[in-house]
Each structure stands twice: as structure tokens, then as C-alpha cells.
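Report on one structure; see the data block that follows.
A short reminder: the numbers here are calculations on the coordinates, not readings from a lab. Predicted model only: the values in this text are computed from it and were never measured. Because the Cβ atoms are built from the backbone with ideal geometry, glycine has one as well, and the counts that use them run over all protein chains shown.
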Ligand SMILES: Cc1cc2nc3c(=O)[nH]c(=O)nc-3n(C[C@H](O)[C@H](O)[C@H](O)COP(=O)(O)OP(=O)(O)OC[C@H]3O[C@@H](n4cnc5c(N)ncnc54)[C@H](O)[C@@H]3O)c2cc1C
């Protein structure tokens, strides 16, 4: 199990530091539950933040995309980046508009991504597929030479990372606000998959494969 890392200057949570978590078990659990990383880079002074699916293999966040992608090419050139994965757990509705909030579990990972080649890239692609649908990599064809030529796969170390977590009801209101006739509480949010829909045009298998049975994320009890 990776040890807790002291936060760097850049990953130290300054606002509401009691919500900060730097231990890898918390960071990894959030990364394992999420689907989408928003990856940010700055190109010629202009920041870009784009959504990407990802995988995690131990200390590495794995990203992939087309060789034609500006984002992937920038990562390949060693630009510093920030990858943020956010889980939303609830809407927090308070007496005062100002005190409304959300229950959240985001992680930010900072660093320089490094391109993977050959077998490492093939293994990383399988890890990304398995992150989205565990076990799927053993069902679908692995990347071949052409896939590898057309794809950039990078790893980003999870060493410089922070999580920030809010949970629970709204903050205790002022005495004055507490007298207001307003509904106050939390609306829980969960990500729920619908039943899988087979592609009848091309699928040679009608039964659900093991990777989709049951089709659940960790928060739903996977
Ligand atoms: C949930 C999700 C997961 C994705 N996963 C991956 C992945 O794993 N790998 C991958 O390569 N791509 C993924 N994409 C697509 C990715 O977000 C980019 O569109 C793609 O990588 C092209 O990047 P680029 O730098 O070449 O963009 P460019 O086409 O050069 O972007 C030009 C401009 O188009 C706009 N733009 C580009 N992409 C988006 C977008 N997604 N949403 C809104 N505006 C946009 C922005 O203004 C951007 O500055 C995913 C998209 C979504 C929504």
C-alpha cells in the first residue's frame, strides 16, 4: 500500500484545509470510482481543460488518445498538466442561498506525463478499458500494431495529488436563519447505469459478458 505523501506547495489545500486528504488510499479510492478526468494544459498562454477517460495502475494515472490530438501531443512533449477527477455525492440545500453547497470528492493530480511505448502501451490501454468495465480487457481484442501507431498512451505519476472531501448536512445556520420556513437538507446523487443495450448490427454475442454482469460502479456495491 503506497504511503501518505506530504503535500507539495501546489497541492496543499488552502481553503477549508480540514477537508483535505493526502493519503494515497483516499486518493486511489476516488480515482478508482471515477470515470472522467478533466485534463488541463496551457498552450501558448491559453489554458485548455478537456475530459478524458483514464485508468489507474498503482502509482500511475493512464491516459490515451489519438496521435492527432493536441492534448495528447502536448502531454507527449512534456507540458505540465493537471488531471482532476470529481465525484458528486449530493446537493446541499441550506437556509441561505450563500450556504448552498455540494457534497463532493475530487482529486487533483499534478505533474508531467510520460509516453509509454510498445508492450507498456498495450498493457496500459487494457488497464483503461478495465477501469471503465472491469474484466472487459480479456473480452475485447488487444491493441495491434496499427492501434499502437495511431494512439498515444501516457502515464502521470500520482505522487503529487490531493483530495478534498465535503460530506454531511449544511453548516449550522445562524439563529436568525434557523427560524426561516425553508426546507434544508441533502439530495443524494449517484451515478446509475441503465441496462446495457446490445448493438444488434454487429454483436455476435447477445448474452451479457462477465464484465457487464452486474454492471455497477463501486459506489453501487460493485
Ligand atoms: C467523457 C469524455 C471522455 C473522453 N475521453 C477521451 C480519451 O480518453 N481520449 C481522448 O483522446 N479523447 C477523449 N475525449 C475527447 C476529448 O475531450 C477531446 O475532444 C479530444 O481528445 C480532442 O482533443 P484535442 O486536444 O485534439 O482537441 P481539439 O479538437 O484540438 O480542441 C479544439 C477546441 O475544441 C473544443 N473541444 C475539444 N474537445 C472538447 C470536448 N470534449 N468538449 C467540449 N469542447 C471541446 C475546445 O474549445 C478546444 O479548445 C473524451 C471526451 C469526453 C466527453
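Consider only pairs whose beta carbons are under 7 Å apart and that are at least six residues apart or on different chains; among these, list those whose first residue lies in segment 74-85 and is touching a residue at least 24 places away in the same chain (Cβ under 8 Å) and closer than 21 Å to residue 55 by Cβ and whose second residue is away from the ligand (no atom under 12 Å from the Cβ) and in a helix (DSSP H, G or I).
85/30; 85/31
List the residue pairs whose Cβ atoms are under 6 Å apart, where the first residue sits in segment 52-67 and is under 11 Å from residue 154 (Cα atoms), the second is part of a strand (DSSP E or B) and near the ligand (Cβ under 7 Å from one of its atoms), and the two are 6 or more positions apart or on different chains.
Between residues of segment 52-67 that are under 11 Å from residue 154 (Cα atoms) and residues that are part of a strand (DSSP E or B) and near the ligand (Cβ under 7 Å from one of its atoms), the close pairs are 54/63; 63/52.
For segment 16-39, give me each residue that is over 13 Å from the mean Cα position of the chain (by Cα) and over 15 Å from residue 104 (Cβ atoms).
17, 22, 23, 24, 25 - these are the residues of segment 16-39 that are over 13 Å from the mean Cα position of the chain (by Cα) and over 15 Å from residue 104 (Cβ atoms).
Of the numbered conditions (1) surrounded by 17 or more Cβ atoms within 10 Å (Cβ to Cβ); (2) in contact (Cβ under 8 Å) with a residue 40 or more places away in the chain, residue 102 satisfies every one except a single condition; which is it?
(1)
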